[in-house]
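I have placed the structure first, in the form of structure tokens, so that the comments after it can refer back to it.
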Amino acid sequence: MSCLWSELHKNADLIDAVEYNHFYLSWLNFNYRAARAARRLQLPLVGNSDVHELSQLGWTFSKIRAGKNLMAVMASIRAGEVRVETQPLNTRFMLRLTLSIARSRFGRALRTEMGRQASVEQA
């Protein structure tokens, strides 16, 4: 949503649904903009979990009544036959998750940089 915000209204005819993300707290929820835009543009909301860890599953998801194939699922979403089920993360879980993701990304970046340095030293 945020990556398309400036283009969303201009390109609404190209969008099937608006994402409601799981990464929020009861006292801090940036999804209100997505929900408002979906209402204004008459687009359905779909629940999303940008899963980095299995513990993130189940906080926010979509319930869709459709056949078990991609085309049926997409048709149901486009028709608005989707319901978002969501609950806010608790603060302790969000902090732990944020630190875990940051540690993982830092570790990957460090390994990549060490690999580059080793390649330069070998050359």
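The values are calculated or read from the model by the stated rules, or taken from the named source; none is laboratory data. Just so we're clear, the structure is a prediction, and the values are computed from it rather than from any experiment. Don't worry about glycine lacking a Cβ; one is built from the backbone with ideal geometry, like all the others, and counts go over all protein chains shown.
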_Members of the stretch 79-102 found to be of a type outside the set (A, V, I, L, M, F, W, C), more than 13 Å from Glu53 (Cα to Cα) and part of a helix (DSSP H, G or I), listed by number_ = Thr91, Arg92
*asked:* All but one of (1) out of contact with any helix residue (DSSP H, G or I) (no Cβ under 6 Å at 6 or more places or on another chain); (2) surrounded by 11 or more Cβ atoms within 10 Å (Cβ to Cβ); (3) not aromatic (Phe, Trp, Tyr) hold for Ala109; state the number of the condition that does not hold.
replied: (2)
_Can you tell me which condition Phe30 does not meet? The list is (1) in contact (Cβ under 8 Å) with a residue 60 or more places away in the chain; (2) assigned to a loop (DSSP other than H, G, I, E, B); (3) not charged (D, E, K, R), and all the others hold._
(1)
*For residues that are under 12 Å from the mean Cα position of the chain (by Cα) and either at pLDDT below 90 or assigned to a loop (DSSP other than H, G, I, E, B) (or both), scanning just the stretch 4-27, find the one that is farthest from Met74 (Cα to Cα).*
Tyr24
*Does the stretch 82-103 contain any residue that is out of contact with any strand residue (DSSP E or B) (no Cβ under 8 Å at 6 or more places or on another chain) and either surrounded by 16 or more Cβ atoms within 10 Å (Cβ to Cβ) or in contact (Cβ under 8 Å) with a residue 40 or more places away in the chain (or both)?*
yes
*Check the stretch 57-74 and report whether any residue there is closer than 25 Å to Tyr24 by Cα, modelled with pLDDT of 90 or more, charged (D, E, K, R) and part of a helix (DSSP H, G or I).*
no
*Would you point out the residue of the stretch 59-78, among those that are among the small types (Gly, Ala, Ser) and surrounded by 12 or more Cβ atoms within 10 Å (Cβ to Cβ), that is farthest from His9 (Cα to Cα)?*
Ala66
_Residue check, Leu41 among the hydrophobic types (A, V, I, L, M, F, W, C), closer than 25 Å to Ala75 by Cβ and under 13 Å from the mean Cα position of the chain (by Cα)_ = no
*asked:* Of everything in the stretch 40-55, what is among the polar types (S, T, N, Q), surrounded by fewer than 17 Cβ atoms within 10 Å (Cβ to Cβ) and not in a loop (DSSP other than H, G, I, E, B)? Give them in sequence order.
replied: Ser55
